[in-house]
Every structure is written in structure tokens, then in C-alpha cells.
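What follows is a single structure, written as C-alpha cells, with notes after it.
FYI, it's all coordinate maths here, none of it is from the lab. Since the structure is predicted, the reported quantities are computational estimates derived from the model, not experimental observations. Every residue, glycine as well, gets a Cβ built from its backbone with ideal geometry; the counts of neighbours run over all protein chains shown.
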Amino acid sequence: MYRDINRYKLISQGHNEERHLLEQLRAGNHDAFVEIYHRYKLRLAGNFLRILKSPELAEELLQELFVRLWMRREQVDPEQSIKSYLFRIGENLIRDTFRKAAKDRVMQQHLLAAISETYSHVEESLISSETRTALHRAIDLLPPKRREVFILCKMESRSYEEVSKLLNISPGTVNDHIRKANRFLRQYLTTHAELGVLLVSSAMLYHIS
């Protein structure tokens, strides 16, 4: 009981401290801005670097994010989480960056790398319902047998051996279907940039929490 009370006091104290910091930021206090910058710069920079695969781009977006924070400081709500506010700015910056990929071959490669890694590792339970619906729409475009194998292995978490016996095909054939399905879905996500951005943004939201 006392432990719960102490925990509540710590949470309340942290919230009050952040609220005061944000009130100072809104008032144009540069020291408050610097404090927020140092609290979140490494986490945000790490997310940008993991997604964009470019230290230069990550640094550029980090600087732009905090420029926007300062320029829009009067819009900050001291009662709301600054972490969520910073994420929304970061998400918009990533969307803008990936939209430019259509006109820039180097950016296309960064987008492909980001989507490929995110697609390979993000759990379906961590992505938004909007993204999940769009991803399922892409899965529906697979050939029937490949779609069946993919769903059994990737969405129902069955082993290759289990699927092999269930569908009366060899484990090698199962592996071939999965490999080709993954390749198709990565290409699909890359050519449908908005869906790719949603998936990447979902991963970013998860990792910043």
C-alpha cells in the first residue's frame, strides 16, 4: 500500500514538473526549451536513424523537429504529454520525407530499407487498425496457395513443418512461398508509399513510448 502511495507521488511529481516545464516553454523560456531538447534528442535521433538509415537525414529531421517545437511553442498544451506531441511532429516529418522519395532515387533506397526492416520485425498487434487493414489488402493480392501459406506461417505462427504436413507440400515449397510473399509485400509497401509510411510510423510510435 505504501509502495503504491509512493509510486503515485512520484508520478504526480513528474507530471507537475513537466507541466511547469511546458508552461515555461510556452512563455518563451529558452532554458526550458533546452531542457526538453536534452531529454528527448537521443531517443528521437535513434528513431529517425533506425527508420531513415541515414545519419545526415536523422540529424536534419531532429533539428527541424525542435525548430518547429520552438516556433509552435504557444500551441503546446501543458496538460498533455510532450512526448506524444514530439512524436506527432516527427511522424509528419517522416511522412514529408518519404513523399519526396518518389522524386529521389537515394531516398527511395532509404524508404525501401526502412519498410523492409519494419515489415520484418513489427508485430501485427502493434500496428494501427488502419495499417492492418491496408496490409491485409496487400496480402489478398498474393496467389491463393501463397496467401494460404503466408497466413498460416506468419499470422497463425505455425511452423514450416506443420504447414508442410497440413497442405501436403514440402518444407522447401513452404519456404519458397514465404520468401516470394515477403518479396512481393516489401515491393508493394514501397510502391504504395503511404502504407509504408503508416507501417513505419506505427513502429516509431511503439519505440518512442
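This table checks each residue for (1) farther than 25 Å from Q24 by Cβ; (2) of a type in the set (D, E); (3) touching a residue at least 24 places away in the same chain (Cβ under 8 Å); (4) exposed (fewer than 13 other Cβ atoms within 10 Å of the Cβ).
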residue	(1), (2), (3), (4)
S54	yes, no, yes, no
V76	no, no, yes, no
E79	no, yes, yes, yes
I94	yes, no, yes, no
T97	yes, no, yes, no
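For the range 12-61, a residue qualifies if it is among the aromatic types (F, W, Y) and either under 16 Å from the mean Cα position of the chain (by Cα) or not in a helix (DSSP H, G or I) (or both), and exactly one does: F48.
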